Amino acid sequence: MNILTFRSQEELNKAGAGIITGLVQTNPRAVLGLATGGTPVDIYEELVEAHRQQLVSFAKATTFNLDEYVGLDRNHPASYYSFMQEHLFGYVNAAPERCHIPDGMASSLEEECRRYDALLEQAGQIDLQLLGLGHNGHIGFNEPDHALRSGTHVVKLQEQTREANARFFDKPEQVPTHAITMGVGTILKAKMILLVVRGSDKAEIVARALQGPITTECPASLLQTHPHVVVLLDSEAGGRLA
Ligand code: F6R
């Protein structure tokens, strides 16, 4: 595991975007696993800028988002579909038919999970999986539990997760109770994982995830078993590392 700590957000963002653009420059058909939430926003902004400067093209890339809320129309402003349009897809030349996000409004969520897994299977391995980290150690929406699921599945969000995401909704009670998420098996199958974490409120979970015991009670701790993880931290998030 390669842990890099940055003193400035700008350097962190440039490093994160640089890893992604470098991959897509050398492998234009790269399969990217993408995250939403506050953490990747500024990295996506750097990607948009790199694309504007014609330094990178996403025309041949394929993308898979980690998760989507259950019961939100994709045009809802807080859906992850809207998030991706607003922060990345609306400004780069990625082909919409190759940008995949689970459909949280599917009439059969079980079938939607199988459809998503089939698409992932068809695409082959994810070349780079971008991840943020939940305060409780979740990756994607794989919440701490006594057992974790390998493939795409429906998950009940923990209250702590709903509270953390309430900032994206008008009222806290509007945060959906369930989401569809890629499973940890799919995440760990990626060739490379880029975990990005910012802020002192994540310092403790960063230490547990990267240096604590490997346990399903901290899903991100499973990343310790992966052969190629790059972690980008700001100095606050890295503050409790040994
Ligand atoms: C988002 C996702 C989540 C977030 C995590 C951190 O697609 O899968 O695991 O990465 O909840 O969220 P932020 O970045 O908002 O702190």
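Please treat every number below as a calculation from the coordinates, not as lab data. Bear in mind the structure is a predicted one, so any value in this text is a computation, not a measurement. Cβ: placed from backbone, ideal geometry, glycine included. Neighbour counts: every protein chain shown.
Just give me the residues in the stretch 12-41 being over 27 Å from Y116 (Cα atoms) and within 16 Å of the ligand (Cβ to nearest atom), in sequence order. Within the stretch 12-41, L12, N13 meet the criteria.
Residue count for the stretch 183-219 under the criterion of being within 21 Å of Q9 (Cβ to Cβ), small (G, A, S) and touching a residue at least 60 places away in the same chain (Cβ under 8 Å): the result is 1.
Checked against (1) assigned to a strand (DSSP E or B); (2) on the phi > 0 side of the Ramachandran plot, A179 passes all but condition (2). Scanning the stretch 171-180 for residues that are of a type outside the set (S, T, Y) and surrounded by fewer than 18 Cβ atoms within 10 Å (Cβ to Cβ) yields a count of 5.
Does G183 satisfy being away from the ligand (no atom under 11 Å from the Cβ) and surrounded by fewer than 17 Cβ atoms within 10 Å (Cβ to Cβ)? Judged against the criteria, G183 is not a match. Is there a residue being within 16 Å of the ligand (Cβ to nearest atom), under 23 Å from K202 (Cβ atoms) and aromatic (F, W, Y) anywhere in the stretch 55-72? So far as the stretch 55-72 goes, yes, one or more of its residues are within 16 Å of the ligand (Cβ to nearest atom), under 23 Å from K202 (Cβ atoms) and aromatic (F, W, Y). Considering every residue within the stretch 80-99, establish whether at least one is in contact with a strand residue (DSSP E or B) (Cβ under 8 Å, 6 or more places away or on another chain), farther than 28 Å from E10 by Cα, of a type outside the set (V, I, T) and buried (at least 23 other Cβ atoms within 10 Å of the Cβ). Within the stretch 80-99 (the criterion being in contact with a strand residue (DSSP E or B) (Cβ under 8 Å, 6 or more places away or on another chain), farther than 28 Å from E10 by Cα, of a type outside the set (V, I, T) and buried (at least 23 other Cβ atoms within 10 Å of the Cβ)), the answer is no, since none of the residues qualifies.
The number of residues in the stretch 200-234 that are under 17 Å from the mean Cα position of the chain (by Cα) and of a type in the set (K, R) comes to 1.
From the residues in the stretch 149-161 that are surrounded by fewer than 17 Cβ atoms within 10 Å (Cβ to Cβ) and outside any strand (DSSP E or B), which one is nearest to the ligand (Cβ to nearest atom)? Show your work before the answer.
Within the stretch 149-161, the first condition is being surrounded by fewer than 17 Cβ atoms within 10 Å (Cβ to Cβ), and the residues that meet it are 150-151, 156, 159-160.
Applying the additional criterion that residues be outside any strand (DSSP E or B) yields 150-151, 159-160.
On the way: S150: 16, G151: 16, E159: 14, Q160: 10 Å.
Looking at residues that are surrounded by fewer than 17 Cβ atoms within 10 Å (Cβ to Cβ) and outside any strand (DSSP E or B), I get Q160.
Suppose the filter is free of Cβ contacts under 8 Å to residues at least 12 places away in the same chain, out of contact with any strand residue (DSSP E or B) (no Cβ under 8 Å at 6 or more places or on another chain) and not aliphatic (A, V, I, L, M); does Q53 pass it? Judged against the criteria, Q53 is a match.
Answer with yes or no whether L47 is buried (at least 19 other Cβ atoms within 10 Å of the Cβ), more than 13 Å from the ligand (Cβ to nearest atom) and either of a type in the set (S, T, Y) or not in a strand (DSSP E or B) (or both).
Working: buried (at least 19 other Cβ atoms within 10 Å of the Cβ): yes; more than 13 Å from the ligand (Cβ to nearest atom): yes; either of a type in the set (S, T, Y) or not in a strand (DSSP E or B) (or both): yes.
Yes; evaluated as a whole, the condition is true for this residue.
When residues in the stretch 60-111 are screened for being among the basic types (K, R) and closer than 18 Å to F169 by Cα, 1 of them pass.
Can you work out which of the residues in the stretch 121-141 that are surrounded by fewer than 22 Cβ atoms within 10 Å (Cβ to Cβ) and either more than 19 Å from V230 (Cβ to Cβ) or under 10 Å from the mean Cα position of the chain (by Cα) (or both) is nearest to the ligand (Cβ to nearest atom)? Break it down stepwise before answering.
Kept after step one, since they are surrounded by fewer than 22 Cβ atoms within 10 Å (Cβ to Cβ), are these residues of the stretch 121-141: 121-125, 127, 132, 135-136.
Filter once more, keeping what is either more than 19 Å from V230 (Cβ to Cβ) or under 10 Å from the mean Cα position of the chain (by Cα) (or both): 121-124, 132, 135-136.
Values: E121: 20, Q122: 22, A123: 18, G124: 22, G132: 2, H135: 8, N136: 9 Å.
Top of the filtered list is G132.
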